[in-house]
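What follows is a short report on a single structure.
Since every read-out is calculated from the coordinates, none of them should be taken as a lab result. Everything quoted here is computed from the prediction, not taken from an experiment. As a convention, Cβ positions derive from the backbone with ideal geometry for all residues, glycine included, and neighbour counts pool all protein chains shown.
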Amino acid sequence: MSSIYVHIPFCKQACTYCDFHFSTNQTLRGKLVDALCREIHMRSAEVDGPIQTLYFGGGSPSILNAEELSKIFDALTQAFNLTQLQETTLESNPDDHSGENLKLWRSLGIDRLSIGIQSFIERDLRLMNRAHDVSQAETCVRSAREAGFNSLTIDLIYGIPGQSMLEWQGNVQKALALQPDHISAYCLTVEERTALHHLVENGKVIEKEDTVIEDEYLYLHQALETAGWRHYEISNFGVAGKEAVHNSNYWSGQSYLGFGPAAHSFDGQSKRRWNVSNNAVYIRSIEQGVAYWESEVLSERDRSNELLMTGLRRADGVDLNLLPPAHRKAILSSVESLTGGLLESLQVEGAVITMDATKWLMADAVIRALMIA
Ligand code: SF4
């Protein structure tokens, strides 16, 4: 079954670390929602059977009002078979968790909220220019539960400059105390052309050392595993049965359709396409009926390397039986030539290679060593 991703490229304000595609100028919102609905209708023939998961990401989909969200849901319902949906996720920010919005999201069939908390420390939220405050971070999970959501995931960020180890431990414990079903924790990376990059370049913010970041990661891993959670992907933890279905489909190479500016699509075989990352050009192109995307056909080698990349960052590992025999052989022979810490981080059982979760931060080095040239 296929998945659908809908990209909503608008935010209230720009977080200092963010390099996703979004705009804080809301003037094109109405036109963009109309173009998005047209794209959904135009591409309805690309999937035959039922859709398994729906995911609204961005940007900030929780910024949309009832009319805008309803229009998009109507278009999806008309264009695709949504009768067998297993998961419908909306990315939301704590400042958008009004009683009215929570009710609206439930009424539309959204059953999973991904809440961008990031930190429970006001200083961190201001450094990152988040639109919410600590009290909203602390109350949003409870209010979502009370509104009937039984699948809640929260985002945390580690590696935040100026945050002590004790504070990070406090953030992890506060997250656990809120009893979400899932936690996604990402390392703060300083991307070029972001406000944070500018602050680092000017010496106003000092990045954390890799060893400190590693200690924070290890604390997170140990604290959540001790609490009975499953660390099933480098950035993702779930209580039993609450692993993200949508993202797991991506990682296992299943097909998905992406709608909206900057959204990617994959046919589950070899063809990938991505929409233009520009709201005005996206709207104009759809209105004029001209191409608004680029595409590529992946070679067998690209596919094998992608499965290796995603597999080694997951608890399930990479099953080499899914790769052509020559690629399987090449990877196994590269494993044999590894030495030291890289070799010790891997387990090989039959044709399945897994990497020790405590070593996932060095997955890039292992993947580089095993990739098929
Ligand atoms: S709310 Fe999300 S998408 Fe928007 S600027 Fe912040 S991190 Fe980026």
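General remarks:
- Surface/4 of the Cα convex hull for region 32-169, nm²: 9.4 nm²
- 3J(HN,Hα) from dihedral phi, region 250-259, Karplus parametrisation 6.51/-1.76/1.60, rounded to Hz, x for glycine, proline: 4, 5, 8, x, 7, 7, 8, 10, x, 10
- Debye intensity ratio in log₁₀ form over the Cα atoms of region 2-105, taken at each q of 0.14, 0.17, 0.22, 0.23 Å⁻¹: -0.56, -0.82, -1.28, -1.35
- Taking the three principal axes of the alpha carbon atoms in region 300-370, the coordinate ranges are 29, 22, 21 Å, sorted in descending order.
- Residue among His246, His198, His132 with the largest mean-square fluctuation in a Gaussian network model of the chain, springs linking Cα atoms under 10 Å: His198
- Ranked by how many other Cβ atoms sit within 10 Å of their own Cβ, fewest first, the residues Val200, Val33 fall in the order Val200, Val33.
- Isolated cysteines of the chain, defined as having no other cysteine beta carbon under 4.7 Å away, are Cys11, Cys37, Cys140, Cys187.
- Exceedance of the 27 Å cut-off in Cα-Cα distance is limited, within the set Lys174/Lys242; Lys329/Lys359; Lys204/Lys359, to Lys204/Lys359.
- Across the chain, counting alpha-carbon atoms alone, Rg and Dmax equal 21.0, 59 Å.
- Net length gained if the chain between Ser44 and Thr211 were fully extended (0.36 nm per residue, minus Cα distance): 55.3 nm
- Listed by chain and number, the lysines whose C-alpha is less than 19 Å from the C-alpha of Lys71, apart from same-chain residues fewer than 8 away, are Lys31, Lys103.
- Dividing the Cα radius of gyration of region 44-88 by 2.2 N^0.38 Å, with N the residue count, gives 1.22.
- A simple charge model with +1 on the Cβ of Lys and Arg, -1 on the Cβ of Asp and Glu and nothing else charged puts the dipole of the chain at about 620 debye relative to its Cα centre.
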